[in-house]
Amino acid sequence: MTNIDAASHVRGESVYLDDIPLLQGTLFACVFDAPVAHGVLNHLDLSVAQAMEGVVRIVTARDLRGENQIGGIIADEPLLADHHVHFQGMPVALVLAETEAAARAAVHHISAQTEPLEIITDPRVAHQKGELIIPPKRFHMGDTQAAFAACAHIVEGRADVNGQEHLYLETQGAYAVPTEGGGLRIYSSTQGPTAVQRAVSRVTGLPMHLIEVETGRLGGGFGGKEDQANTWAALCAVGAQLTGRPVKYSLHRMEDLRMTGKRHPYSADYKLGLDRDLRLVAYEATFYQNAGAAADLSPAVLERTLFHCTNSYYIPNVTATAFSCRTHLPPNTAFRGFGGPQGMFVIECAIAHAAEHIGVSAAEIQQKNLLETGHIFPYGQVVESEARPAWQQADHQFDFAKIRQEADAFNANHRYQKRGIAMMPVCFGISFTKTAMNQARALVHIYTDGSVAISTGAVEMGQGVNTKILQVAAQVFSLSPGRIKVHSTNTLRIANTSPSAASATADLNGKATQLACTALLERLKKVAAEVLKTGDNGTGIALREGRVWHNGLPADLDWGALVNHAYLKRVSLSEHAHYATPGVHFDWDTAKGHPFAYHVFGTAVVQVTLDCLRGTYTLDAVRVVHDYGQSMNPLVDLGQIEGGIVQGLGWMTLEEVVYDEKGRLRSNALSTYKIPDIYSVPKILEVFPLDTNRDNLAVFRSKAVGEPPLMYGIGAYFAIRDAIRAFRPGASPAFDAPFTPEKVLINLYPAAHAE
Ligand code: LUZ
Ligand code: MOS
């Protein structure tokens with residue numbers, strides 16, 4: 001089954017926000033954003049801009065009919081700055097003009113007078129000053145203090161990991177159209193249509209039933225549009241409400257880079273204790289999350305850092321503490337992995353440190369401590385593990401010992417080129433950690449010509465979820481894909497959706513689709529039994545490839561005729577189904593529970609070659625054994641795995657988000673922010689499935705595939721470190737990702753750098 005969007009993508013016919021034809025009278029919006037990161041907003045001069053040709057209206061905080069608030073988890077984020085500005089890029093005024101050019105031109109003629117306040121960009125500084133978004137969160141298992149006392153080896157250190165720009169190909173944007181009776185229709189490039197509906201309701205004061213949010217597809221989200229699509233939709237909605245005209249805003253790349261949040265940078269302290277047999281016995285970690293100026297999704301991201309702080313390893317004694325620190329950067333937000341990768345990076349640093357300290361390979365420690373079924377995670381869930389089978393299959397297929405020997409032999413023969421390798425096991429929990437969000441609905445209509453229309457809460461953002469949902473319906477009905485259409489995500493057809501996030505979209509919406517289609521099928525079987533007078537109430541009826549079968553023999557009744565009979569008999573051909581993941585729960589009072597439906601496991605081996613004169617490197621190979629259960633669509637899944645790995649590699653190597661001490665984004669364009677291109681992706685990228693066939697909670701025994709592969713990319717950091725140590729034995733670079741070529745060079749020649 002090919003991706004159902006393949007043909008229209010290749011022809012350029014797929015419709016994104018910017019392809020929607022505009023109505024006559026549409027106005028264009030552009031934001032004037034805060035020029036300083038922290039200050040009192042004393043005066044805003046709009047007079048010049050207001051008088052410019054084409055400018056229809058300039059909206060500020062005071063004009064809002066609803067609440068000036070878009071904070072989802074915590075109400076700490078005004079839509080438009082009122083008395084204070086909290087980050088450079090914070091929306092202050094909204095220009096509405098007859099053309100896009102007029103709107104952008106006018107923004108340049110707005111000026112703000114601000115009284116500067118102290119700017120904090122470092123989460124540790126924010127922590128010292130008590131600037132916390134929420135009280136600290138903690139996971140606790142066993143007794144670390146007692147355990148450390150009995151450890152043969154203890155290492156302590158610090159690890160820093162930077163943020164990451166989402167760089168979805170399609171920038172943020174929305175189009176708001178006034179509808180009859182004072183309502184609004186919002187076209188939004190969002191992962192969360194309901195989140196947009198709520199935000200629009202809040203800032204306009206309109207009830208949610210007057211607000212329709214329509215999302216066709218996104219040109220990428222990666223978490224950046226889980227929460228932060230709300231801003232632009234809310235601004236367009238306010239503009240449309242105040243002018244009575246449609247309002248469109250599609251951000252320019254530099255606006256998007258400057259005004260939106262990114263993956264959270266973290267700083268962390270760790271202490272890891274091992275026994276004589278290299279068993280991990282005790283782990284303490286403290287995480288300082290750089291949340292930015294408002295909560296956004298930071299509390300939930302912080303939680304997932306704790307959930308994944310021991311990655312794929314069993315450690316009986318764990319104390320992990322996490323602080324969400326308020327700084328004056330754009331609020332950081334969801335990004336593929338959602339805090340998990342940051343937690344995993346730190347334990348991998350601690351293991352690398354321990355290995356170097358003891359004089360063994362990190363792989364030896366990793367391998368010895370993999371999770372086994374029956375172990376307990378620090379959050380109380382009992383482990384069902386594929387960690388060791390994944391590691392062993394990877395070792396068997398790729399031969400870790402041979403890869404090591406070849407690297408060592410190469411290094412012995414090359415003075416200024418060094419090879420490094422690293423293994424990277426991954427364990428990622430599937431489900432929203434907020435239990436209530438693990439629900440979805442599907443609406444399935446069968447029309448009298450036999451064609452089927454499906455709506456769900458899933459948002460197609462290039463991950464192929466609509467293809468999988470179509471496959472579910474095609475399989476249940478035994479129909480050819482051509483008779484089924486998966487439609488846009490729309491809050492009038494599907495209400496109260498969870499965002500398409502947490503790798504769970506196909507699981508949740510696929511299950512809801514399966515329930516709806518199965519209910520329809522059972523109804524149709526009864527109709528078939530009546531029509532064929534089988535007298536068995538449908539128990540002997542089956543549908544196969546568009547035909548009705550009875551007791552294993554084809555009957556003289558096809559799908560189309562059956563559907564017509566059902567209509568004439570006044571049997572409903574529509575179904576709305578609800579799915580809620582069974583068995584998941586979590587209690588933050590005890591920080592224990594069973595938050596995840598299941599976990600995804602895998603092991604990667606990453607190989608790099610370092611140019612020790614220049615500090616540059618090539619990613620030679622990433623080889624992976626990945627557990628995606630019984631894949632529904634191996635090609636769609638492979639696309640997700642390859643994309644995730646490359647995004648993870650970019651985070652660990654080239655991609656460097658730079659804010660200066662004034663809170664200004666310096667990596668504000670694609671000339672200063674580098675992401676992997678076709679030349680920097682691994683020369684070899686091999687992915688093998690781990691052969692598992694368990695009764696998990698995903699659709700048709702598949703497993704979620706969206707986020708877990710990103711974390712294989714973390715291996716690149718440690719492979720580069722390994723190569724540096726081959727050039728300079730005993731080197732101990734600070735754990736500070738990404739490992740940009742500049743940082744590599746400094747670590748190859750620290751003495752020269754010190755001079
Ligand atoms: N979004 C969210 C997520 O709201 N909750 C989650 O647990 C999550 N996990 C991964 C990615 N996005
Ligand atoms: Mo996400 S990080 O929106 O799954």
What residue, of Glu372, Glu384, Glu364, is within 18 Å of Gln607 (Cα to Cα) and surrounded by fewer than 19 Cβ atoms within 10 Å (Cβ to Cβ)? Glu364
Residues of the range 468-489 classified as over 20 Å from Thr518 (Cβ atoms) and open to solvent by less than 10 Å² (accessible area, probe 1.4 Å), total: 1
Given (1) over 25 Å from Ala542 (Cα atoms); (2) of a type in the set (A, V, I, L, M, F, W, C); (3) open to solvent by 10 Å² or more (accessible area, probe 1.4 Å), where does Val465 come up short, assuming only one miss? (3)
Quick one: in the range 610-624, which of the residues that are closer than 23 Å to Phe688 by Cα and in contact with an Asp or Glu (Cβ under 9 Å, 6 or more places away or on another chain) is surrounded by the fewest Cβ atoms within 10 Å (Cβ to Cβ)? Thr618
Residues Glu530, Glu545: which one is over 25 Å from Met1 (Cβ atoms), among the charged types (D, E, K, R) and out of contact with any Cys (no Cβ under 6 Å at 6 or more places or on another chain)? Glu530
With the requirement that a residue be aliphatic (A, V, I, L, M), open to solvent by 20 Å² or more (accessible area, probe 1.4 Å) and under 16 Å from the mean Cα position of the chain (by Cα), what does the range 196-234 give you? none
Out of the residues in the range 322-340 that are away from ligand 2 (no atom under 16 Å from the Cβ) and open to solvent by 10 Å² or more (accessible area, probe 1.4 Å), which is farthest from Met141 (Cα to Cα)? His328
Inside the range 532-548, can you point out the residues that are surrounded by fewer than 20 Cβ atoms within 10 Å (Cβ to Cβ), touching a Lys or Arg at 6+ places or on another chain (Cβ under 9 Å) and either modelled with pLDDT under 95 or not small (Gly, Ala, Ser) (or both)? Asn537, Thr539
Tell me which residues, restricted to the range 638-667, are within 21 Å of Pro123 (Cα to Cα) and assigned to a loop (DSSP other than H, G, I, E, B). Glu655, Glu656, Val657, Val658, Asp660, Glu661, Lys662, Gly663, Arg664, Arg666, Ser667
Taking the options Ala719, Ala751, Ala704, name whichever one is in a helix (DSSP H, G or I) and buried (at least 21 other Cβ atoms within 10 Å of the Cβ). Ala719
Note down all Cβ pairs under 6 Å where the first residue falls in the range 402-421 and is among the charged types (D, E, K, R), the second is not in a helix (DSSP H, G or I), and they're at least six residues apart or on different chains. Lys418/Leu610; Lys418/Cys612; Arg419/Thr609
Scan the range 279-286 and give yes if some residue there is away from ligand 1 (no atom under 16 Å from the Cβ), without any contact (Cβ under 8 Å) to a residue 40 or more places away in the chain and more than 17 Å from the chain's Cα centre (by Cα), otherwise no. yes
How many residues, within the range 504-527, are of a type in the set (Gly, Ala, Ser) and either at pLDDT below 95 or under 26 Å from the mean Cα position of the chain (by Cα) (or both)? 4
Tally of residues being more than 25 Å from the chain's Cα centre (by Cα) and open to solvent by 10 Å² or more (accessible area, probe 1.4 Å) across the range 179-195: 5
Every residue from the range 73-102 that is in contact with a Gly (Cβ under 9 Å, 6 or more places away or on another chain), open to solvent by 20 Å² or more (accessible area, probe 1.4 Å) and within 25 Å of Pro193 (Cβ to Cβ): Glu77, Pro78
Being within 20 Å of the chain's Cα centre (by Cα) and open to solvent by 10 Å² or more (accessible area, probe 1.4 Å): is that true of Ala300 here? yes
Please tell me if Ala237 is open to solvent by less than 10 Å² (accessible area, probe 1.4 Å) and more than 16 Å from ligand 1 (Cβ to nearest atom). yes
Selection within the range 300-351 - within 16 Å of ligand 1 (Cβ to nearest atom), in a loop (DSSP other than H, G, I, E, B) and of a type in the set (Ser, Thr, Tyr): Thr333
Odd one out for Gly560 among (1) open to solvent by less than 80 Å² (accessible area, probe 1.4 Å); (2) within 30 Å of Glu460 (Cα to Cα); (3) in contact with a helix residue (DSSP H, G or I) (Cβ under 8 Å, 6 or more places away or on another chain): (3)
Take Glu348 and decide whether it is touching a Lys or Arg at 6+ places or on another chain (Cβ under 9 Å) and either touching a residue at least 12 places away in the same chain (Cβ under 8 Å) or away from ligand 2 (no atom under 16 Å from the Cβ) (or both). no
Looking only at the range 563-584, and only at residues there that are charged (D, E, K, R) and assigned to a loop (DSSP other than H, G, I, E, B), the one that is least open to solvent (accessible area, probe 1.4 Å): Lys569
Find all pairs meeting these conditions: Cβ atoms under 9 angstrom apart; at least six residues apart or on different chains; first residue within the range 446-460 and under 16 Å from Ala474 (Cβ atoms); second residue among the acidic types (Asp, Glu) and modelled with pLDDT of 95 or more. Ile446/Glu575; Gly450/Asp558
Asn68 passes all but one of (1) among the polar types (S, T, N, Q); (2) open to solvent by 20 Å² or more (accessible area, probe 1.4 Å); (3) under 30 Å from Leu638 (Cα atoms); which number fails? (3)
Only residues in the range 705-730 that are closer than 30 Å to Ala597 by Cβ count as the first member; pair them with residues that are hydroxyl-bearing (Ser, Thr, Tyr) and within 16 Å of ligand 1 (Cβ to nearest atom), Cβ under 8 angstrom, at least 6 apart or cross-chain, and list the lot. Val705/Ser503; Gly706/Ser503; Gly706/Thr505; Glu707/Ser503; Pro708/Ser503
Out of curiosity, is Ala291 more than 13 Å from ligand 2 (Cβ to nearest atom) and touching a residue at least 12 places away in the same chain (Cβ under 8 Å)? yes
For the range 611-622, indicate whether the set of residues that are part of a strand (DSSP E or B) and either among the small types (Gly, Ala, Ser) or within 30 Å of Tyr379 (Cβ to Cβ) (or both) is non-empty. yes
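Here is a yes/no grid of residues against (1) under 22 Å from the mean Cα position of the chain (by Cα); (2) more than 16 Å from ligand 1 (Cβ to nearest atom):
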site	(1), (2)
Thr433	yes, no
Arg441	yes, yes
Tyr447	no, yes
Gly450	no, yes
Ala453	no, yes
Leu470	no, yes
Gln475	no, yes
Pro499	yes, no
Ala502	yes, no
Report yes if some residue within the range 449-457 is in contact with a strand residue (DSSP E or B) (Cβ under 7 Å, 6 or more places away or on another chain) and within 16 Å of ligand 2 (Cβ to nearest atom); otherwise report no. yes
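The values are calculated or read from the model by the stated rules, or taken from the named source; none is laboratory data. All values derive from a computational prediction rather than experimental measurement. Cβ atoms come from the backbone with ideal geometry, glycine included; neighbour counts cover every protein chain shown. Each accessible area value is taken on the protein alone, full model and side chains, heavy atoms only, with ligands, DNA and RNA left out. Shrake-Rupley method; radii C 1.70, N 1.55, O 1.52, S 1.80 Å.
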